[in-house]
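Computed from the coordinates by the stated procedures, all read-outs in this text should not be read as laboratory data. Just so you know, these numbers come straight off a predicted model, no measurement behind them. Note: ideal-geometry Cβ built from the backbone for every residue, glycine included; neighbour counts use all protein chains shown.
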Amino acid sequence: MEFWRIITVFTCLVLIRANGAFSQNSDSTNVVVTDSIAEGDDLGLDSPIDYYGKDSTVVDVVNERIHLYGAAWVKYGEMEVHADYIVFSFSDFTAKAIGKRDSTGTVVEKASFSEGENKFSEDSLAYNFKSKRGISYGVRTQEGDAYLLSSVSKKSENNWISVGKGKLTTCNKDNPHYHFQLKKAMVIPNEKVVAGPLYLKFRKIPTPLALPFGFFPNKKESTQGILLPGYGNGDEKGYFIQNLGYYVPLGKYADTRVLFDLYTRGSWSIRNITNYKKLYKYNGNFNISRTVNKSGFPELPSYSESVNFNVQWTHNQDTKARPNSTFSSNVNLGSLNNFRNNLNTSQQNFLSSTFSSRIQWTKRWPDTPFNMGVTAGHSQNTQSRNVQVTLPGVNLNMSRITLGRFAKNSPSLKKALDNIGVTASADFTNNVSENETLFRFDEIENLNRRATNGLRLQGQASSSMKAGVLGTLTGSISGTMFNTFKYVEKSFIESTQELKSDTLYGWRQALNWSASGNFNTRVYGTFGLETTAPSRR
């Protein structure tokens, strides 16, 4: 917790002022230090110090103190502290920063400290420059994905922080919904947090989940190392250790883990899990596993052995990275019995009878009516053992345009053609659906022969115009052209009275078209009625 260093800045500030080593801005409401300490003074300053008190800045010469009131702040290099009130005492070299309180004494605006990416907030703090010890109250800081809150914390000269009555949580609320209650803890900067007795609480409700002590990593940078496993008894598979592995960071944007599961009766599994993320660009993870599952004893007829593999890949692109182009993937493929025989399968995967994959890329061209999508995917059914693969699927669309855009040089023709709108699309797919036994590298040629593929072109033109005072005339014409790369030719053999079917390769086309029209009119008229009043006698 580097916020204690800011107190050193306060000490340097007042010492510089006492020695006349800085000049002040003439603005009485904003005093800014503009000069650094003179050469030869050993105060450890390497950049100018700026400070400000919105209400006032008071130097108490008699009591040897300096006071900053109202939205006060002090800046030194990358360090910056904000508080409602900041004071430094020359007599005992003690500095204090206090947050803003209301009339009841409740802190409504905490003091804050920041240095680079590190940010902290506390109700108040005090630090002694000579002893290099300090104390703070109501501290809240973020350590990775967790938040550490403490009623009181003390800093020793070696920068270790002891915490009393603390809370450790991943909830970002000031009053967390759940947390681990810590009786005491020690924070070793950029290394770890060691806690004494702790237990889980939901709001103010304690739970029986408790530990005598705990260790929580507190490193800012990733460090490679061994991952400790769990252990237990797997019944017929024997005793096991799970998730024994090694962690390796891959730069700023990725990391990877290699994990092992080992059973005393021969079953084993190896997995590689890689995560990557680039802020405002993309994020994803890659998971590949291979499992050898042995059940029973080799000497008995009930013994079985299976080898399974699975590949999972998810990728998501930030919508702001490329507004006109997106890429995403959700891949989950492997052996059909993988989730039933995998040593680490989840309940959801175990009960699922199908799993599928989809990779998609979309592109939109601004200021044009065109957009395109390219997809690839697969679907597997564990019951029927059927596998369906789409590789690839391409779709090109043209949204509605009017023909008037092609007659800009003729206003009269443009006005007439503006009533005619045209839409079009083109689709290409290549599908194969077969039993899982055919999906092998030595069966690729056979799968290619069994694949169904083709190109479909669609277009439609429609118009609506007024026919003078008679009404409105609408009409449309549409067509679909099917293009295939292979076809079935049937022939009748008279000698054997059989119908023979042959699959031949070649370009074939078929066209379907339709046209429709509609005319709507209305008839208006005026009718007069005459009435005769009855005579009176």
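Miscellaneous remarks
- FRET E, pair Ile205, Val152, Förster distance 30 Å, beta-carbon r, rounded to 0.05: 0.80
- Per DSSP, loop chymotrypsin sites (Phe, Trp or Tyr not before Pro) in segment 164-254 with at most 14 further Cβ within 10 Å: Phe213, Tyr253
- Ranked packing of 168-177, 282-291, most packed first, by mean Cβ within 10 Å: 282-291, 168-177
- Potential lengthening of the chain between Gln388 and His177 amounts to 71.3 nm, from the contour at 0.36 nm per residue minus the alpha-carbon distance.
- Sorted on the mean count of surrounding Cβ atoms within 10 Å across their residues, most packed first, peptides 256-269, 368-381 read 256-269, 368-381.
- The GluC sites (Glu not before Pro) of segment 442-506 meeting both criteria, a DSSP state outside H, G, I, E and B (loop) and at most 13 other C-beta atoms within 10 angstrom of the site's C-beta, are Glu494.
- Trypsin sites (Lys or Arg not before Pro) lying in DSSP loop within segment 187-216, provided at most 15 other Cβ fall within 10 Å: Arg203, Lys204
- For the peptides 416-428, 514-526, residues were scored by their other Cβ atoms within 10 Å and the scores averaged per peptide; the highest-first order is 416-428, 514-526.
- In plain terms, if you count all Cα to Cα distances in segment 136-220 and split them into 5 Å steps from zero, the share in each step is 3, 15, 27, 28, 19, 6, 2, 0 percent.
- With R₀ fixed at 56 Å, the C-beta to C-beta distance from Val248 to Ser478 puts the FRET efficiency at about 0.45.
- Using a Förster distance of 51 Å, the FRET efficiency for Lys100-Gln224 (Cβ separation, nearest 0.05): 0.70
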